[in-house]
Amino acid sequence: MKKELLFITVIGKDTKGIVAKISNYLYRHDINIEDISQRIMGEGYFVMTMLVDMQDTKTPLDKLTKELDKIGNSLGVNIQLQHENIFKMMHRI
Amino acid sequence: MTISVDEVFETARMILYHNLDIRTTTLGINLKDCIHSDFKTFKHNVYQKVRTKAVKLIGEAKKLEVKYGIPIVNKRIAVTPVSLIMESHCTKSKYLQMAKTLDRAAADAGVDFIGGFGALVQKGLTKSDSMLIEVLPDVLSQTRRVCSFLNVGSTAAGLNLDAVNLLGAMLKETAQKSKNAVGCAKFVVFSNAPEDNPFMAGAFHGVGEPDITLNIGISGPGVVKSVVEKNSECDLTELSEIIKRTVFKITRAGELVGRELAAVLKIPFGIVDISLASTTATGDSVANVIEAFGIEHVGTHGSTLAVALLMDAVKKGGAMASGNVGGLSGTFIPVSEDTGMIEAVKKGALGLDKLEALTAVCSVGLDMFAIPGDTPPETINAIIADELAIGIINNKTTGVRVVPAPGKKAGDQVSFGGLLGTVPVMKVNRFSSREFLQRGGRLPAPLTSLRN
């Protein structure tokens, strides 16, 4: 089956348990993490991106988005889930 | 291919902090196949076609919002110019019933505006066109969602001054009949109106369009302002470059969503309109972009150059990003829908004369401004005729959306509520051009139309 790749972006203040909580949630929903990167941006934002493959998950996208949003709120960070195509379109010619 | 953290962050930040969104997805629907000699059947056909298509649009657009994490703010409908389909049902009562049918279809589908209740009259009025203009004050005051347009001039045809001369009185009657004069906010008069414009109030589904098509309007004044602010020292060429790069990116997002939405709806994708469209949300103002260039308030000297630079850069960046750019693709500077514009009027930096000058270099027209309620109808006609002459001679679209606010004088406020905003009433020149306007007739097509 073809991979279905999405980016999870976490923006906010670095706190303990961000990777643990999110990766645990993803594992429970049969979502594979392909890549993780993180950086502190010039303006003081902590930014982490996860490239995830969703081909095996049975959970619908709107539910994942809502639940990740809840996890973000509990950690005090902003979590976004977006299909990789938007980044390919915007940043590659 | 890998996407870096910086690139992911850039996109996320545009959406989260700088109001990047898809401003509108507008479904153009041909209504010619709904025409029926029995008016009841005709109305039923229109209702069914509009409602069914609109419900599908909204459902699929919501799915894409989730998939790409980008808001699609408005989902709207544009239909065949209504005067065309009403030719054989040309009575005041039937016109009003058709408007209410469109209003109900939009409401039942959950669409906030439906455009196309208008006519193309640049060379003259048919009986149906005249009836449409006559019934407009009732339509605009008795419906909530129906938007109207008239195209009264073009570079190829000149200006139909006889049609323009009907509008001042029509707008004043509309203002009187509707609460806070809001009916006037749903009517635009154009020269060179594009057939695929996705933005209200002037959207309609042109006669050269297919049965159904999807057009997209992007947004992004906040994103552009943010990059301009980060580059406060650069010269004009560099400024243009950074705007181009940013607009390329935001237009790509529109192109992606538009093409995918059209594909899932199984309809042809029309165009991306690359206009920067403001809202009254903080940080979503085109005037603030101009001010970030280094202009104290939009409207002062230098503003025309600034709008020219902005627009040209937006077009260059947008044109490369999309396979089909169309619609208006200018910069909107509506007074009531842009906090920076409102502020500039209040502070006395921006008057009607300068606003008109700004529209010459590329914005779409005199948009969403209020004038005193006692402005004579022929002065309103003259304001419209001046603005449209700019479009006709310069081979571009221009439009006017003006609200003569009953009982208000220059400096007062009018509030329309919601997206349409609040607007300070602007001063109008008190000298008359009545005798000139009363000559009527048609301005001949300009020399620039002779291109064959």
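Along Cα→Cβ, 7 Å out, is where each label goes; now give me the distance between the ones at B:Arg434 and B:Ala107 in nm to one decimal.
Result for the modelled spin labels: 4.1 nm.
In what order do B:Thr375, B:Thr41 fall by count of nearby beta-carbon atoms within 10 Å, going from fewest to most? Before the final figure, lay out each step's value.
Details: B:Thr375 22, B:Thr41 12.
Sorted ascending by nearby Cβ count, the order is B:Thr41, B:Thr375.
For chain B, build the convex hull from the C-alpha positions and give me its volume per residue in Å³.
Spread over its residues, the Cα hull of chain B gives 141 Å³ apiece.
Helices from chain B with mean Kyte-Doolittle at least -0.5 and a Cα length along the axis of 20 Å or more, per DSSP H: which?
B:127-142, B:236-265, B:303-321, B:377-394
Inside 10 Å of the C-beta atoms of B:9-19, what's the mean count of C-beta atoms belonging to other chains?
5
Starting from one equal scatterer on each C-alpha and no solvent at all, send me the Debye-based log10 I(q)/I(0) for chain A at q = 0.12, 0.23, 0.24 Å⁻¹, two decimals.
Reported log10 I(q)/I(0), two decimals: -0.36, -1.28, -1.37.
Could you put B:Asp103, B:Asp33, B:Asp284 in order, starting from the residue whose Cβ has the fewest other Cβ atoms within 10 Å? Kindly include the intermediate steps, with their values, before the conclusion.
On the way: B:Asp103 18, B:Asp33 12, B:Asp284 26.
Least crowded to most crowded, the residues run B:Asp33, B:Asp103, B:Asp284.
Quick check on region B:26-191: take the gyration tensor over C-alpha atoms, sort the square-rooted eigenvalues as a ≥ b ≥ c, and tell me if it's rounded (a/c under 1.5), prolate or oblate.
Prolate.
If you rank B:Arg430, B:Arg401 by fewest surrounding Cβ atoms within 10 Å, what's the result?
B:Arg430, B:Arg401
Exactly which GluC sites (Glu not before Pro) in region A:1-87 are in a DSSP loop and have at most 14 other Cβ atoms within 10 Å?
A:Glu43
If you average the C-alpha positions of region B:17-31 and of region B:49-88 separately, how far apart do those two centres end up, in angstrom?
9
Among the listed pairs A:Lys21/A:Lys58; B:Lys56/B:Lys94; A:Lys58/B:Lys75; A:Lys16/B:Lys249; A:Lys63/B:Lys62; B:Lys43/B:Lys172, give every one whose C-alpha distance is greater than 24 Å. Please report the intermediate quantities before stating the final value.
Values: A:Lys21/A:Lys58 20 Å; B:Lys56/B:Lys94 28 Å; A:Lys58/B:Lys75 29 Å; A:Lys16/B:Lys249 34 Å; A:Lys63/B:Lys62 13 Å; B:Lys43/B:Lys172 29 Å.
Correct reply: B:Lys56/B:Lys94; A:Lys58/B:Lys75; A:Lys16/B:Lys249; B:Lys43/B:Lys172.
With r defined as the distance between the Cβ atoms of B:Ala169 and A:Lys13 and R0 fixed at 51 Å, what FRET efficiency is calculated, to the nearest 0.05?
0.25
Using every alpha carbon pair in region B:217-439, what percent of pairs falls into each 5 Å bin from 0 up to the bin containing the largest distance?
Cα pair-distance distribution for region B:217-439, in percent: 1, 7, 14, 18, 18, 16, 11, 7, 5, 2, 0, 0.
If you count the DSSP beta bridges with both ends in the protein assembly as shown, what percent of them are antiparallel, to the nearest 5?
55
Sorted from largest down, what three extents in whole angstroms do the Cα atoms of the protein assembly as shown have along their principal axes?
Computed over the protein assembly as shown, the largest-to-smallest principal extents equal 77, 59, 50 Å.
Give the average, rounded to an integer, of partner chain Cβ atoms located within 10 angstrom of each Cβ in B:281-288.
Partner-chain Cβ atoms within 10 Å, mean over residues of B:281-288: 0.
Quick note: the coordinates plus some simple rules give every number you see, no bench work behind them. Everything numeric here is computed off the predicted structure, so don't read it as measured data. All Cβ positions, glycine included, derive from the backbone under ideal geometry; neighbour counts span all protein chains shown.
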